[in-house]
Amino acid sequence: MSGDTFTLQRIEHDTYSPFHDDDSSIGVNNDPIQTTSDQQQQGAASAPKHPVALFFHFFFKVSAIVIYLLASLVGLSFVIAFIVITLCAAFDFWTVKNVSGRLLVGLRWWNEIKEDGTDRWIFESLENKSQINQHESFLFWVGVIGAPLVWILLTIFSIISLLSLSFGWLVVDVVCLALTGVNVIGYIKCAKDARKKVKGMAQSYIVGSIVNQAISRV
Amino acid sequence: MDQQHQQMSMNTLDEPVYVTILRDIKTVGFKLYHVIIPRGNAIAVLRDWDLWGPLLLCLLMAIMLSTSAPDNQKALVFALVFVVVWVGAGLVTLNAQVLGGNLSLFQSVCVLGYCVFPLTIATFVIWIPTAFFSGLHIAIKLPIVLICLAWSIFASYGFLASSVPLSRKGLATYPVALFYIDRVILYSFETR
């Protein structure tokens with residue numbers, strides 16, 4: 001029975017996401033009943049498990065913003081800066097949507113178009129949340145939410161300075177804002193969906209264990 | 001619960017990264033192939049849309065056009081090509097939707113973006129001699145561009161016509177033609 005409550009805790013123990021901030025991890029850490037595999041995972045939790053994914057999660061974002069800010073200082077021509085920034089933003093979009101999301105937080109979103117032209121969101125989420133590293137998960141959300149915030153700021157600056165600067169930079173801002181914004185929307189929807197699934201699983205588990213107990217007593 | 005099960009069965013969370021990359025490269029190649037040789041299964045192409053092709057083609061075109069523009073207008077030409085491609089695609093989509101087409105914004109932008117491919121080839125063919133020797137005469141440029149224009153419109157008609165009611169196909173295709181013709185004007189009459 002104690003083993004059962006432990007797994008229940010495991011299911012309810014969610015990873016970091018911006019939509020809840022309960023410290024359920026402490027309860028799991030102090031749990032006296034721990035299997036060896038869990039201890040190994042806990043030991044690995046401090047070191048990043050996906051350093052490459054983490055690197056690329058930030059590399060393209062940061063380089064796009066740095067090139068944007070430094071282009072006029074260094075004297076890079078607008079056309080080259082535009083190409084490099086747009087490609088960085090596109091690669092970042094691809095990396096976040098297809099690689100870093102599923103490795104760092106175990107989430108992935110798809111937007112499929114049905115035959116009548118309306119779209120349908122498809123969300124995948126890892127069932128076993130213990131595979132996910134808390135630090136990685138935190139850094140993932142910092143990147144995903146931080147990048148569009150920076151681009152919103154830069155867009156506002158370019159709108160204000162539209163009179164003195166060419167409107168080309170505003171185009172860059174809008175492209176980058178759109179690409180990072182789509183990922184934020186996709187992952188927030190995906191994280192909400194994952195929470196719903198976890199709740200559903202926990203509920204069906206409780207019902208299942210009650211039924212099991214009833215059967216064993218009969 | 002049934003629906004949830006269906007979604008869970010689609011599991012790509014553990015795939016290696018090269019599988020992810022290969023899948024995307026394959027879909028881009030598949031679509032370019034279908035634009036060059038238009039054929040029946042437009043619906044399969046439309047279902048998994050992507051914006052890689054439109055982005056790369058748009059960048060290529062903007063680079064080629066801006067290199068042959070006067071120095072003080074390079075940045076403007078480049079940014080304008082970008083805006084014209086994306087905003088234009090958005091407007092054409094809006095038109096198709098008003099006419100009762102059942103196409104989403106991204107699908108339509110995807111199709112229009114990929115169907116620029118013949119015109120990108122035309123730009124390239126014209127750009128090479130212009131960049132290294134001298135500008136081509138308009139009498140040589142115009143036929144090249146017009147053939148590729150017809151090709152582009154033909155390819156995009158095949159995609160878009162499958163999603164718009166029969167009686168309105170002309171109305172849906174007309175702005176598409178305009179969408180490509182503005183580029184033809186850019187290529188043909190741009191002088192060094």
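The values are calculated or read from the model by the stated rules, or taken from the named source; none is laboratory data. What you see is a predicted model, and the numbers here were worked out from it, not measured in a lab. Every residue, glycine among them, receives a Cβ derived from its backbone with ideal geometry; neighbour counts consider all protein chains shown. Keep in mind that these areas ignore ligands, DNA and RNA; they rest on the heavy atoms of the full protein, side chains included. Shrake-Rupley method; radii C 1.70, N 1.55, O 1.52, S 1.80 Å.
Data table
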{"item": "Of B:31/B:74; A:97/A:192; A:61/B:31; A:114/A:197; A:97/B:74, those spanning more than 26 Å from alpha-carbon to alpha-carbon", "result": "B:31/B:74; A:61/B:31; A:97/B:74"}
{"item": "Accessible surface, 1.4 Å probe, highest first, among residues B:121, A:160", "result": "A:160, B:121"}
{"item": "Residue order for B:159, B:133, A:56 - accessible surface, 1.4 angstrom probe, largest first", "result": "B:133, A:56, B:159"}
{"item": "Debye intensity ratio in log₁₀ form over the Cα atoms of the range A:50-217, taken at each q of 0.18, 0.19 Å⁻¹", "result": "-1.10, -1.16"}
{"item": "Surface accessible to a 1.4 Å probe, residue B:154 within the full protein complex, Å²", "result": "130 Å²"}
{"item": "Förster-model FRET efficiency, 51 Å R0, residue B:177 and residue A:206, C-beta, rounded to 0.05", "result": "0.25"}
{"item": "Lysines whose Cα lies under 18 Å from that of residue A:49, excluding same-chain neighbours fewer than 8 positions away", "result": "A:129"}
